[in-house]
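Take a look at the structure below.
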Amino acid sequence: MRLAARLAHEAGDAARATRYAGWATTLATTIDRAFRNEEAGMYVTFLTADRTAAQVAKFDLLGNALAIEAGIADRQRSRRILSSYPFAPYGPPVVWPQAPDMFVYHNRAQWPFVTAYALRAAVAAGHVAAVDRAIGAVVRGTAINLSNMENLEWLSSRGRFDDGPEINWRRQLWSVGGYYGAVVGTIFGWQPDMDGVAVRPFLTTATRRMLGSGDTASLKGIHYHGKPVEITLRLPPVAADGGYHPVASVVLNGRAVTGRISDRDLAAQGNRIEIRFGTPATDGATVTQVPQIPATSHDDARAFMAKTPTIATVQRANRTITVKLAGDIPASRRFALYRDGTLIGFDLAGSALIDKAPPVPALSACYTVVLLGQHASHPSAAVCAPGSAAQTITATDPKIVTTAERMPAEGGVGAPTIRLAAGKTLMVPIDVARDGMYVVTIRYDNHVHQLNTGITNAVKRIMVTHGDARDPASASVVQMPHVRPDGDRHPLRLSTPVYVRMRAGRNVLELSDFLNMSSLASNTTYSGPGGAEETNEARISAILIDRVD
């Protein structure tokens, strides 16, 4: 959005430049407000899909690094992020904490290109300890494996250890790019952008030691607009680790450089940049260490999330709702109980958690449970107590008008469905008793491709019409991702929820195409479904409508 604003400004379109810049500012503010977790000192990875979105206590290195790079986090918060995110002995893991009993891939892994983004963020924040640990991880992981691996096991830095990584490649281009950026962009400071080239090396005392006992280090083979450039660092004496050497001067072809280097500043045949450094300085920052756990542990509570609980039933009785958990629940376990994303009980014990003040009987209430511990679990799958105003419209309902194919209960899907493929529409009349906000979810299956790959997540647009008036403000996007098969069965699951305003009486809900990854021209060479031909398909079993106010 910032790039779009700049391009619009350069094109003389002030109105669009202002609009795009405003969007960027609003988005940055919203990300900061919604995802920032003050207690942890980091941004969470995701929120629940409830109307009141709740943070999930899961963190990832790339998201936090990009929040720093994008300026969403100020300098003080950036430094706190880098001091809070845990580093393992060989480098920072991609996610924190780890998911229990899941193989190595994103879980229990380092990704060199992610570490390289963390390095960029650490340089931007002037965080010496994180810079040292990130450079060490990038170099060491490459040296241990004698290649730029796609990813590495998180505690050993090996390309194969225990049960993963699930997928891995040598000579991975984004890992090569990350290493290149660490050397060229950070150590030698060559940083081109739209306004020219900034020369800003961040040379820590530990990196200086890595460069050996000589008094210079040179980088050759750089070209800018076809003009060759060589950079030479005039290395200061080796000093104790934990500091950095401020840049004292940058000289290009014998002339001091005070700002960016432009194409006009460079000679056609040869250019030499010399950089000198001042005496070491320190910043006092530290990083958090991952606890020492057994290398093959899949569930150590010091580094892994608690296991996700399961709700067996949700039952209304008198003026309470009881949430019954599945399995044998030890008395020592404690839970957090959420209703529609709002925390209503904390540090609860037992297998029956009671909501003593549920909403009125007309409104449904959907519950999730989090198992507490050193690292809290993911929220359980939601289970709802339907309200009297709830409606379920199945695929066999004659009120549904559709251009899509109606399917019997077959192919592992245990219910009749409507095969809502790309280009097809579905309309269904919905009668409601009063004006208000309603939540729409779709019970569906999507087994066009696999859960862990592919570009065929079904993405549809929902639009509400009342009488002859089509309400553009009601337009929302619903997503129906791939569903993991259970043997030969294809279980049905619920889509992301969509909140729409309806008016009393007859409304018409329309489902039509939105964009998914198969819509992109860049994916036409993809060999799986959605590559050669756009694929945006889900099998609709039922549409669920619930009043929420």
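The values are calculated or read from the model by the stated rules, or taken from the named source; none is laboratory data. Values in this document were obtained by computation on a predicted structure and should not be read as measured data. Cβ coordinates were reconstructed from backbone atoms using ideal geometry, including for glycine residues, and neighbour counts include every protein chain displayed. Remember, those area values only see protein heavy atoms, side chains included, never the ligands or the DNA or RNA. Shrake-Rupley method; radii C 1.70, N 1.55, O 1.52, S 1.80 Å.
Report, in debye and to the nearest 20, how large the dipole of the chain comes out about its Cα centre when Lys and Arg carry +1 and Asp and Glu carry -1 on their Cβ.
The calculation lands at about 700 debye.
With the convex hull drawn over the C-alpha atoms of the stretch 272-425, the volume per residue is 347 Å³.
When the chain is fully extended, how far beyond the present Cα-Cα distance does Asp486 get from Arg160, taking 0.36 nm per residue of separation?
Working: separation 326, 0.36 × 326 = 117.36 nm, distance 2.83 nm.
Additional length available on full extension: 114.5 nm.
Taking the helices alone, the chain has a mean residue ellipticity at 222 nm of -5500 deg cm²/dmol, built from -39,500 (n - 2.57) per DSSP H run of at least 4 residues and averaged over all its residues. Of the trypsin sites (Lys or Arg not before Pro) in the stretch 354-459, the ones in a loop by DSSP (not H, G, I, E or B) with at most 14 other beta carbons within 10 Å are Lys356, Lys399, Arg434. Counting every alpha-carbon pair across the chain, the share separated by more than 36 Å comes to 47%. If you take the beta carbon distance between Thr26 and Ala317 as r and set R0 to 56 Å, what does 1/(1 + (r/R0)^6) give as a FRET efficiency, to the nearest 0.05? It comes to 0.80.
Between Val477 and Asp193, what's the calculated FRET efficiency when r is the beta-carbon distance and R0 is 41 Å? Round to 0.05. Walk me through the numbers before you get to the answer.
On the way: r = 34 Å, r/R0 = 0.82.
Calculated transfer efficiency: 0.75.
How big is Rg to Rh over the stretch 78-201, alpha-carbon atoms, Rh as the Kirkwood inverse-mean-distance radius? Write out the running numbers ahead of the final one.
Numbers: Rg = 14.5 Å, Rh = 14.6 Å.
Reported Rg/Rh, Kirkwood definition of Rh: 0.99.
Put Lys324, Lys227, Lys220 in order of accessible area, highest first, and with a 1.4 Å probe you get Lys220, Lys324, Lys227.
Modelled this way, with points 7 Å down the Cα-to-C-beta line, the labels at Thr286 and Glu405 are 6.4 nm from one another. Surface composition of the stretch 256-332: carbon and sulfur atoms hold 47% of the protein heavy-atom accessible area at a 1.4 Å probe. Taking all protein chains into account, the per residue accessible area for the stretch 206-258 stands at 55 Å² (1.4 Å probe). Taking 0.36 nm per residue of sequence separation and removing the Cα-Cα distance, the Ala504/Thr258 pair yields an extension gain of 81.8 nm. When you count the other C-beta atoms within 10 angstrom of each residue and take the mean per peptide, 90-97, 166-173, 140-147 line up highest first as 90-97, 140-147, 166-173.
Accessible area per residue for the stretch 459-529 in Å², computed with a 1.4 Å probe and the full protein assembly in place, what is it? Mind showing how you got there, number by number?
Numbers: 4020 Å² over 71 residues.
Heavy-atom accessible area per residue stands at 57 Å².
Given R0 = 51 Å, the distance between the Cβ atoms of Ser84 and Asp468 translates into a calculated FRET efficiency of 0.40. Simple spin-label estimate for Ala40 and Thr524 gives 4.1 nm between the two label positions (7 Å along the Cα-to-Cβ direction from each Cα). Taking amide H positions as modeled 1.01 Å from N, with prolines and chain starts lacking one, the residues under 5 Å from Ala73 and 5 or more places away or on another chain are Ile68.
Give the peptides 63-76, 331-344 in descending order of average Cβ contacts within 10 Å, highest first.
On the way: 63-76: 18.9, 331-344: 17.0.
So the peptides 63-76, 331-344, ranked by packing, come out 63-76, 331-344.
Working from label points 7 Å from Cα in the Cα-to-Cβ sense, the Ser147 to Leu372 distance is 4.8 nm.
From largest to smallest, what semi-axes in whole angstrom does the stretch 137-193 give when each is the square root of 5 times an eigenvalue of its alpha carbon gyration tensor? Kindly include the intermediate steps, with their values, before the conclusion.
On the way: eigenvalues 120, 24, 13 Å².
Working from the Cα gyration tensor, I get semi-axes of 24, 11, 8 Å.
Under 12 Å from a point placed 7 Å out from the Cα of Ile293 along the Cα-to-Cβ direction: which residues of the stretch 120-156 have their backbone N that close? Taking a point 7 Å out along Cα→Cβ of Ile293, the residues of the stretch 120-156 whose backbone N falls under 12 Å are 154-155.
Taken along its principal axes, the alpha carbon cloud of the stretch 1-117 reaches lengths of 54, 35, 28 Å, longest axis first.
Take every pair of alpha-carbon atoms less than 8 Å apart whose residues are at least six positions apart; their mean separation over the length of the chain yields a relative contact order of 10 percent.
The stretch between Leu3 and Lys356, if pulled fully straight at 0.36 nm per residue, gains 122.0 nm over its current Cα-Cα span.
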